[in-house]
Amino acid sequence: MTEESKRRQTALFRLVAKIPRGKVTTYGELGRALGFHARLVGRLLHTNNDPLNTPCHRVVRSSGELAGGYAFGGPNIQKNLLESEGIVFQKQKIDLKTYGWEAR
DNA sequence: ATTAAGGCATGAA
DNA sequence: GTTCATGCCTTAA
C-alpha cells in the first residue's frame, strides 16, 4: 500500500462518512467528486482497512442496486443496515431519485 | 529488482 | 440484459 493509495482512501472515507443517514450514493458520484474513476472507488473499498468507520453500505451501484456478494459482510447485511436507516428497497433496488445523495 | 497477467464492491453504450 | 471500455491493484514469473 503506497502513500498515494492511502491518501485516496482517506479522502474516500472522509467523503463516505459524510453521507447523511438514510441516503445513499454511487461509486461514480464518489469517484467524480474525488477526482478518480468509479472502479478505483470499489477497489479502495475492497481493500478497505477501516470498514467500521466507513459506512460503505451507503454506497451502491449506478443503478441503485447493491454492490453484490463482495460486500463487507454480505449483501443481506448491507440491505439490513440500509433498511434500518429508513431506506426502502424496491425489488432489491433503491430509488436514487429519492435516496440519492449528491457528493460534495 | 523489474515486468507480466489477471481480476474487480463500475459505468456507459 | 449483455457487451465494451477503462483505471488501479494484487499476485506471479
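Just checking, does region A:74-89 include any residue being within 14 Å of DNA strand C (Cβ to nearest atom) and either surrounded by 11 or more Cβ atoms within 10 Å (Cβ to Cβ) or part of a loop (DSSP other than H, G, I, E, B) (or both)? No. Going through (1) assigned to a helix (DSSP H, G or I); (2) surrounded by 12 or more Cβ atoms within 10 Å (Cβ to Cβ); (3) of a type outside the set (A, V, I, L, M, F, W, C) one by one, A:R39 falls short only on (2).
Filter region A:90-104 for residues that are closer than 14 Å to A:V59 by Cα and assigned to a loop (DSSP other than H, G, I, E, B) and give the result. Walk me through it before giving the result.
Let us first name the residues in region A:90-104 that are closer than 14 Å to A:V59 by Cα, namely A:93-96, A:99-103.
Selection gives A:D95, A:W101, A:E102, A:A103.
Taking region A:1-28 on its own, how many of its residues are away from DNA strand C (no atom under 16 Å from the Cβ) and either modelled with pLDDT under 90 or part of a helix (DSSP H, G or I) (or both)? So that I can check it myself, show each step before the final result.
Taking region A:1-28 first, the residues away from DNA strand C (no atom under 16 Å from the Cβ) are A:14-25.
Within this subset, residues satisfying the condition of being either modelled with pLDDT under 90 or part of a helix (DSSP H, G or I) (or both) are A:14-16.
Number satisfying all stated conditions: 3.
Within region A:42-51, the set of residues being surrounded by fewer than 12 Cβ atoms within 10 Å (Cβ to Cβ) and away from DNA strand C (no atom under 11 Å from the Cβ) comprises just one member, A:D50.
The values are calculated or read from the model by the stated rules, or taken from the named source; none is laboratory data. Nothing here was measured: the structure is a model prediction, and the numbers come from that model. Heads up, the Cβs are rebuilt from the backbone with ideal geometry, glycines too, and the neighbour counts pull from every protein chain shown.
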